[in-house]
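Take a look at the structure below.
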Amino acid sequence: MVQAEQGAKVVVTGAGGGIGAAVARRFADRGAQVVVNDLDAGRAKSVADEIGGVAVPGDASSVVEEAREALGGTIDVYCANAGVGRDGGRPGEPLDEQGWALSWDVNVMAHVRAAHALLPDWLERGSGRFVSTVSAAGLLTMIGTAPYSVTKHGAYAFAEWLSLTYRHRGVKVHAICPQGVRTDMLDASGSAGDLVLRPTAIEPDDVADALFRGIEEDRFLILPHPEVAEYYRARAAEPDRWLSGMNRIQQQWEATG
Ligand SMILES: NC(=O)c1ccc[n+]([C@@H]2O[C@H](COP(=O)([O-])OP(=O)(O)OC[C@H]3O[C@@H](n4cnc5c(N)ncnc54)[C@H](O)[C@@H]3O)[C@@H](O)[C@H]2O)c1
């Protein structure tokens, strides 16, 4: 069952803009009933009104119960999309404890909490779909930001664990790992984003296209930038060579001031 068809009950977190809004629109176009979550209530409402969905504003960590109620008691597809980017991690910079804590909370623990709330029902029904918006940073790394790189690895690891643990019980999991996508987050990513993400950045709609192709082909790993597969292979096959290449980019970034 594709679960992306007419009548599917879908939740998308962080859907007040960017990738989440594009994914929410795409599900609604396919006839799904969509809950639009965002920390920003105004943005959630505006997207929900546009697509005929229901806004459930608030923190992505605690959206499942209210969303389930809004959808009449069932969630078929849960898109854990909300994410935060925080700079930093280099010695000499003040340690941003709050930035690290927020990154863990939104980029990893919100997924863990949602899965915990969704699984009892999904296992009983023998079906459910969990879509994790990770990042290529979860397979590789992101120049200039340790909190983002580390927590996106965590999100990817959790999605893998979920998939291998429950795939024989009807639970489908997808991990979307794009490089740059033209959203507010890319605009806020500063000179590192300009150097490594912007030149090959794609539109949020391209990510939604890749997700629906991945769902139709029943694939766990969804790479809206196909070249990421090669980088991921290179990282696994020759770690030092890959790290030296990434360090050259780091030095290039440092040279930009
Ligand atoms: N833009 C990129 O280049 C890029 C690349 C790879 C992965 N991603 C990932 O895609 C996802 C979506 O990012 P985007 O680029 O669309 O960014 P965006 O900033 O356009 O949208 C993110 C949305 O999430 C909301 N949000 C933040 N914290 C939240 C929380 N705790 N609960 C609910 N909503 C919250 C924000 O209000 C915002 O509307 C993120 O997980 C991000 O890490 C983005």
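Structure data summary
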item	result
Dipole of segment 1-147, positive direction: furthest Cα of His111, Ala8, Gly52, with charges on the beta-carbon	Ala8
Helix 18-29 vs. the chain, principal-axis angle (Cα, 0 to 90°, nearest 10)	30
Estimated dipole of segment 134-255 in Debye, rounded to 20 [Cβ of Lys and Arg +1, of Asp and Glu -1, Cα centre]	460
Where labels lie 7 Å past Cα in the beta-carbon direction, separation of Leu102 and Glu230 in nm	3.6
Helix 228-237 axis, angle to the chain major axis (alpha carbon atoms, nearest 10°)	60
Dipole magnitude of segment 9-230 about its Cα centre (Cβ charges: Lys, Arg +1; Asp, Glu -1), debye to nearest 20	520
Extended-chain gain in nm, criterion 0.36 nm per residue less alpha-carbon gap, Ile249 and Asp194	18.6 nm
Mean Cα-pair separation over length for segment 9-230, i.e. relative contact order, pairs under 8 Å, 6 or more apart, %	18
Among Glu203, Glu217, Glu65, residue whose mean-square fluctuation peaks in a GNM of the chain (springs only between Cα atoms under 10 Å)	Glu217
Within segment 175-190: backbone nitrogen closer than 18 Å to the Arg219 label point (7 Å, Cα to C-beta)	175-181
Ranking of His111, His174, His116 by count of other Cβ atoms within 10 Å, fewest first	His116, His174, His111
Inter-part distance where segment 183-215 and segment 1-76 are each reduced to a Cα centre, Å	21
Extreme residue, positive dipole direction of segment 131-220, given options Val181, Trp161, Ala208 (C-beta unit charges)	Trp161
Those trypsin sites (Lys or Arg not before Pro) in segment 112-161 that DSSP places in a loop and that have at most 16 other beta carbons within 10 Å	none
C-alpha long axis of helix 41-51 to longest principal axis of the chain, angle in °	60
Residue-averaged 222 nm ellipticity for the chain, from DSSP H runs of 4+ at -39500 (n - 2.57), nearest 500	-15000 deg cm²/dmol
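Laboratory data are not the source of any read-out in this text; all were calculated from the coordinates shown. All of these numbers come straight from a predicted model, not from anything done at the bench. Positions of Cβ are generated from backbone atoms using ideal geometry, with glycine treated the same way; all protein chains shown enter the neighbour counts.
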